[in-house]
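Single-structure report; data block below.
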Amino acid sequence: MKNIIIDLKNTIIFTIIGAVLLCGLYPLIVTLLGHILFSYQANGSLITAKDGTILGSEIIGQAFSDDQYFNSRPSAAGTGYDASNSSGTNLGPTSQKLRDSIKAAVDAYRKQNGLAADAPVPADAVTSSASGLDPDISVKNAMLQAPRVAKTRKISLDSVNVLVQKYTEGRDLGLFGEPRVNVLKLNLALDGKI
């Protein structure tokens, strides 16, 4: 009986110590280090205007539908780019609903951007990401939208292409992923807000 009480006492002490270390101290240290070493990212990667107004987050997409703006990747998160309801469509490759929605999106993309009926359309222009919050589009997608944006804004295509190149980010660590364009930053630059 004495051994059971000692074991129970040790178990309770180690549980309390473990809870304090792993549920209190460790998260506190990681949070503090994150704020010290990676302050911009730890605070949401917020993009601010020249006057200090917060315009959005660099890591969460926003919907743009006006022809003067580059369109973001489609979102299936809630009503669109809803961070509290992050998700993809969850439709599989054999889903007729997925095929129909992609076909409709391809037709709409071609029409909006003045492309031929058989012109290839980048996958990221017509499919949502797994999170539904992706802030980036492919360089090819941006280049196909550039003539529409330039025409609508009545500016030269070259000046739009310069901005696309300026806001093109390379592969992560030079190896992973593909070059991409942050749509929010690009659209804000077009408006002269950043």
field: Which numbered condition residue 134 fails, given (1) surrounded by 12 or more Cβ atoms within 10 Å (Cβ to Cβ); (2) farther than 13 Å from residue 183 by Cα
entry: (2)
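Residues checked against (1) part of a loop (DSSP other than H, G, I, E, B); (2) over 20 Å from the mean Cα position of the chain (by Cα); (3) not assigned by TED's automatic domain parsing to the domain that holds residue 168:
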| position | (1), (2), (3) |
| --- | --- |
| 9 | no, yes, yes |
| 12 | no, yes, yes |
| 19 | no, yes, yes |
| 27 | no, yes, yes |
| 31 | no, yes, yes |
| 74 | yes, no, no |
| 80 | yes, no, no |
| 93 | yes, yes, no |
- prompt: Yes or no: residue 69 among the hydroxyl-bearing types (Ser, Thr, Tyr) and at pLDDT below 90?
  reply: no
message: Every residue in the range 17-44 that is at pLDDT below 90 and surrounded by 11 or more Cβ atoms within 10 Å (Cβ to Cβ), please.
response: 41, 42, 43, 44
statement: Of the listed residues (125, 105, 116), the one being free of Cβ contacts under 8 Å to residues at least 40 places away in the same chain and either outside the structural domain of residue 151 (by TED's automatic domain parsing) or surrounded by 14 or more Cβ atoms within 10 Å (Cβ to Cβ) (or both) is 105
query: Taking the stated definitions as given, is residue 59 in a loop (DSSP other than H, G, I, E, B), of a type in the set (A, V, I, L, M, F, W, C) and in the same structural domain as residue 136 (by TED's automatic domain parsing)?
result: yes
message: Just to be sure I understand, how many residues within the range 134-155 are in a helix (DSSP H, G or I) and within 14 Å of residue 122 (Cβ to Cβ)?
response: 8
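The values are calculated or read from the model by the stated rules, or taken from the named source; none is laboratory data. Computed from a predicted model, the values in this text were never measured in an experiment. In this analysis, Cβ positions are derived from the backbone assuming ideal geometry, glycine residues included, and neighbour counts consider all displayed protein chains.
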